[in-house]
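One structure is given here, and the rest of the page talks about it.
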Amino acid sequence: MKRNSISFWVTLLVLIFLYLPIIVLVINSFNDSRFSSQWTEFTFKWYDKLWDEYTVWQAFGNSLIIAISATVASTILGTCAAFALHCYKTPLQKIHYGLVYVPLIIPDILMGISFLLFFIAINIHLGLFTIFIAHTTFCMTYVTMVMMSKLQNFDFTLVEAAQDLGANRWAVGRRILLPLLMPGLASGALLAFMLSIDEFVITFFVAGQGVSTLPIYVYTMIKFGSTPIINALSVIILALTVIVVCIAQSLSKEDQ
Amino acid sequence: MEKKHEWFVTLPSFVWLLLFFLIPTCIIFIYALKSQDIYGGIEPGWSLEAISNLFDKDYTLLIFRTLMISAITTAVCILLALPVGYQMAIAPKRFRKLLILMLMLPFWTSFLIRIFAWKALLHPEGFFNNLLAFLHIISPNTTLLYHLGAVLLVTIYTYLPFAIFPIYAAASKFNFQLFEAAMDLGASRSQAFLKVFLPGISKGISTGAMMVFISTTGAYIIPDLVGGFDSEMIGTRIAQKVFVERNLPEASALSILLALVVFLPLLAITMFSSRPKKLELELRNKE
């Protein structure tokens, strides 16, 4: 590889640009000083303070409940949709594809406001349930796209072979489709989980008063006076992200 | 049997999206045709107040600024993503995997945390202020935050991966023998890059540009957290109408405006770009 080419240096600069804020953030979380500019001494005190902060854990609990339930619901709905779109080429599926595709490209804020107006119009109390509905809706479109690409590489002659050998629908599903599509399902579900747990804009619109998720908590802290606790919180979230991304990478490797 | 099976797998997602995507979207149009009551709800009956307010209050500046921010962000992201995507595609396999992982990590990092990290860097007590003041580029009292520049920097930072991944995906499928062929036929490296490589990955470029453009145009948290008066966008105004003024009809009218601002340019570009291409092809065939 040519190391002195322009593209090499631009790539290097882009990587520095991408990592600089993150590195400074991590360093600051161990900084005793309240201000990020001067380094005083190494400390874990922000992590200690974070540990005692009850509201963070409550928000984190809410985020987990929503992310897990939305992941389960959106994986089921998205997988069904992917099968329908892959196996049938009827006019109905064209409309179906449109319904799946448009939420993917529409800006978050438009989806957020449409959900808010919808829930107000049908008079549903805003809270965890409305967040669950909203999250399931946008997650399922991503799961559908992931599953469709997996189904494209799936060898459907295996299904025919099983049927020829006398397997019924249930056996085909349980013993052929499920094990072979498992890596795809896992990466789809992981994507849904990551999207849900990090989603802020739509959540903020449909959360109503009093219900907090982790991103809402972080936003409130950034917006209204942030103590260095948020640095510590960010580093913990970062560490979890690194772990999940590594798991996802190994999943996609198995898939190949 | 087949028909029954089709319905069985189609219905769950179809009904869900009908209920929770199509109907809510239509409701925006209904709310735009209502008027606000004093409790932050809506009056019964229809009204054109929200729509006419859209024309009365001057939104030209807001639209222009939103489009300008999106255009600059898209251009910079594509310009940075092209060499990166190229480098990723030509890198040896092991190095390429590492590059992908390194570019993925910031992309998967919580969106809010990345904005917060920039806010800390650009803070009056932060890294950049001190560095630039130390180098005498700015005076120590300058605030880098809450300006258009900060918004542009953070939108570019946030949406750069949206440009890199589609361009890389296209570049990794590009046949680099064409590149060598062009150079054998006397093209310089930059000529080959511009005339062979770029047209070859045009689909990746347009996908990346579209994703960055749509995301930036609809941006709301970035101008909200790092922007100021000179960098208000349509998204921040919608949020203000919803959360501060509690004026849902005007928020709906503005949302329709945002949808137009996002999708009209894309529609125009796809219509204009497809025609000349066909023409060009026909002309070439005639030659």
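The values are calculated or read from the model by the stated rules, or taken from the named source; none is laboratory data. Since the model is a prediction, treat every value here as computed from it, not as a measurement. With ideal geometry, Cβ positions are generated from the backbone for all residues, glycine too; neighbour counts draw on all protein chains shown.
Does B:GLY126 satisfy the condition of being under 30 Å from B:THR217 (Cβ atoms) and at pLDDT below 85?
Values: under 30 Å from B:THR217 (Cβ atoms): yes; at pLDDT below 85: yes.
In short, yes.
Considering region B:1-29, and only residues there that are of a type in the set (A, V, I, L, M, F, W, C), in contact with a Phe, Trp or Tyr (Cβ under 7 Å, 6 or more places away or on another chain) and within 15 Å of A:LEU99 (Cβ to Cβ), the residue that is farthest from the other protein chains (Cβ to nearest Cβ) turns out to be B:ILE23. Do you know which residues across region B:196-248 are outside any helix (DSSP H, G or I) and either closer than 22 Å to A:ILE105 by Cβ or in contact with a strand residue (DSSP E or B) (Cβ under 6 Å, 6 or more places away or on another chain) (or both)? Once the filter is applied, which keeps residues that are outside any helix (DSSP H, G or I) and either closer than 22 Å to A:ILE105 by Cβ or in contact with a strand residue (DSSP E or B) (Cβ under 6 Å, 6 or more places away or on another chain) (or both), region B:196-248 yields B:ILE201, B:GLY218, B:ALA219, B:TYR220, B:MET233, B:ASN247. Checked against (1) part of a loop (DSSP other than H, G, I, E, B); (2) within 14 Å of chain A (Cβ to nearest Cβ), B:SER47 passes all but condition (2).
Output the residue which, of all residues in region A:78-116 that are outside any helix (DSSP H, G or I) and exposed (fewer than 15 other Cβ atoms within 10 Å of the Cβ), is nearest to the other protein chains (Cβ to nearest Cβ). Talk me through it step by step, then tell me what you get.
The first filter runs over region A:78-116 and keeps only residues outside any helix (DSSP H, G or I), leaving A:88-90, A:106-107.
Now drop any that are not exposed (fewer than 15 other Cβ atoms within 10 Å of the Cβ), which leaves A:89-90.
Details: A:LYS89: 10, A:THR90: 7 Å.
Here the residue is A:THR90.
Checked against (1) surrounded by 18 or more Cβ atoms within 10 Å (Cβ to Cβ); (2) more than 25 Å from the chain's Cα centre (by Cα); (3) of a type outside the set (Phe, Trp, Tyr), B:ALA150 passes all but condition (2).
Scanning region A:73-96 for residues that are touching a residue at least 24 places away in the same chain (Cβ under 8 Å) and either of a type in the set (Val, Ile, Thr) or not assigned by TED's automatic domain parsing to the domain that holds A:PHE200 (or both) yields A:THR75, A:THR79. For A:SER7, indicate whether it is at pLDDT below 90, facing another protein chain (nearest Cβ under 7 Å) and either farther than 30 Å from B:MET102 by Cα or in contact with a Pro (Cβ under 6 Å, 6 or more places away or on another chain) (or both). For A:SER7, the condition - at pLDDT below 90, facing another protein chain (nearest Cβ under 7 Å) and either farther than 30 Å from B:MET102 by Cα or in contact with a Pro (Cβ under 6 Å, 6 or more places away or on another chain) (or both) - is met.
The lone criterion from (1) surrounded by 18 or more Cβ atoms within 10 Å (Cβ to Cβ); (2) under 30 Å from B:LEU178 (Cβ atoms); (3) away from every other protein chain (no Cβ under 11 Å); (4) not charged (D, E, K, R) left unmet by B:GLY85 is number (3).
Taking the stated definitions as given, is B:LEU264 farther than 30 Å from B:LEU122 by Cα, surrounded by 12 or more Cβ atoms within 10 Å (Cβ to Cβ) and at pLDDT 85 or above? Reasoning before the result, please.
Values: farther than 30 Å from B:LEU122 by Cα: yes; surrounded by 12 or more Cβ atoms within 10 Å (Cβ to Cβ): no; at pLDDT 85 or above: yes.
Considered against the rule, which asks whether it is farther than 30 Å from B:LEU122 by Cα, surrounded by 12 or more Cβ atoms within 10 Å (Cβ to Cβ) and at pLDDT 85 or above, B:LEU264 comes out as no.
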